[in-house]
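The structure appears below as structure tokens.
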Amino acid sequence: MLSTGHVARLLGTSRQHVVDLCTRGELPFVWVGRHRRIRRSSVEKLLERDLGGLTRDQERSLWLHRALLSHLMTEPDQVLSRARENADRLLQQRPSMMTHWLKEWLRVLDGGVDEVAEVLTSRSPRAVDLRQNSPFAGALPQETRSQVLAAFIRHWRDFHGVAHDRTSEPASASVGRERLANA
């Protein structure tokens, strides 16, 4: 039986999100004293349901953010500064649907390089949502961005067997399995 904090680490999300999943009945649990405990099999089922695949746009975003990782490692101050400036600027412009995600990005950025790297490469629902609302515009050199997008188009066509189009078909992915297996 796993604690809500342990499940949160496995899923790459907050403990409160796990509690919310339990409260809504999406993640079965039992009470042990005053604490929720969750079966590993329930976490596996949740991963299969929620993380079974990424849309084309989500996978494309993952590829771009993976490419950004090398710049984050070699120029951390510059990349983190650019992201903070972008997030702050967007927050000042006007409240929008992105406000929640930009504030969440600022919390991630405050966590440092390791936390940012985790979000850039994770397939957790939280990371997918964060990447879809990314403050990293301009942090990746245009030439690199173009090369990554060209490689992604080839990958999508070859791996998913579809022509380059604007659809959002799910991509097969075994998400979170490594973390769950190693936990």
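The values are calculated or read from the model by the stated rules, or taken from the named source; none is laboratory data. No experiment lies behind these values; they were computed from the predicted model shown. Please note: Cβ atoms are built from the backbone with ideal geometry, for glycine as well, and neighbour counts cover all protein chains shown.
Looking at A127, A139, can you tell me which residue is in a helix (DSSP H, G or I), of a type outside the set (V, I, T) and either under 20 Å from E75 (Cβ atoms) or in contact (Cβ under 8 Å) with a residue 60 or more places away in the chain (or both)?
Answer to the selection: A127.
Looking only at region 41-96, count how many residues are farther than 19 Å from V128 by Cβ and either among the basic types (K, R) or not assigned by TED's automatic domain parsing to the domain that holds V113 (or both).
Within region 41-96, residues that are farther than 19 Å from V128 by Cβ and either among the basic types (K, R) or not assigned by TED's automatic domain parsing to the domain that holds V113 (or both) number 6.
Report yes if some residue within region 9-18 is surrounded by 13 or more Cβ atoms within 10 Å (Cβ to Cβ) and either among the basic types (K, R) or at pLDDT 95 or above (or both); otherwise report no.
Yes.
Do the conditions hold for V108, that is, is it closer than 19 Å to Q132 by Cβ, in contact (Cβ under 8 Å) with a residue 24 or more places away in the chain and not basic (K, R)?
So V108 does not fit the description; no.
Looking at E115, is it in contact with a Leu (Cβ under 9 Å, 6 or more places away or on another chain), of a type outside the set (A, V, I, L, M), assigned by TED's automatic domain parsing to the domain that holds R157 and under 19 Å from V18 (Cβ atoms)?
Taking the combined requirement at face value, the residue satisfies it.
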